[in-house]
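Following: one structure in structure tokens, then a few remarks.
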Amino acid sequence: MPISANQERATLAGSVAFLLALPALLFALVTWQVADDGPLVRLDERLSRVLVNPDRLSELLADLGTIPVAVPVLAVALGYVAVRGRRAGADRWWLPVAAAALLMALVPALVVPLKALMDRPGTPAEPPGTGYYPSGHTATAAVAYGSAALLLLPWLRTTPARRALITLCAALVLGASYGLVRRGYHWPLDVVGSWCLCAVLLTSLWLFLRRATAPDRPRRPVLEPDPHEPDPHDGP
């Protein structure tokens, strides 16, 4: 039985609500636990003691979340999509590029105040200090690589290419996250909180791009009356 357009829209709306609500709730839960020094924080500290083992590999992986590494990757994707869109004559070809760039600029505007508000101390592997939750490096990696993937996906023609892009994006984000925890730069919950926050941001970007690049609905043509046909409103 074919699915109607209304059913398809309802299914999409439900999926979007889930993709937005679940990470938002998890972010609220993790933030509350960190602020209240709840049971998750004590578990987080025990887990960190097990995972922390600073080495050269973990430091290199953590660098995947730095601005000098992640942002240029996004910049290359922005340039590529801008050129392809303009050459293809796409309407508002600049809009997806501008949206992704704005989202990247929004990351510090969100993360820095949260760090100051939460004032969480760092791990024993770090010098004394506060402002570690949420992880800014994780957020930078997630938004930079995630936005690049969302922009590039429509330009890839084959399913294997799309899967490879998504796999690469996930590997870069997970690699940066693992390196940050392994090196001791962040507690695991710092990383998880950034995952949840960025899931909301990237889902919002996906929704915007989907709406911005959707083809306009064709307008119903206005039929001009045929001068050779009698007007039905005229009398006999």
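Annotations
- Packing around the peptides 192-198, 169-175, 17-23, taken as the average count of other Cβ atoms within 10 Å per residue, puts them in this order, highest first: 192-198, 169-175, 17-23.
- Protection proxy ranking of 176-186, 121-131, 59-69, by the mean of other Cβ atoms within 10 Å over each peptide's residues and highest first, is 176-186, 59-69, 121-131.
Coordinate-derived values only; no laboratory data. Please read all numbers here as calculations on a predicted model, not as lab measurements. Glycine also receives a Cβ, built like all others from the backbone with ideal geometry; neighbour counts cover every protein chain displayed.
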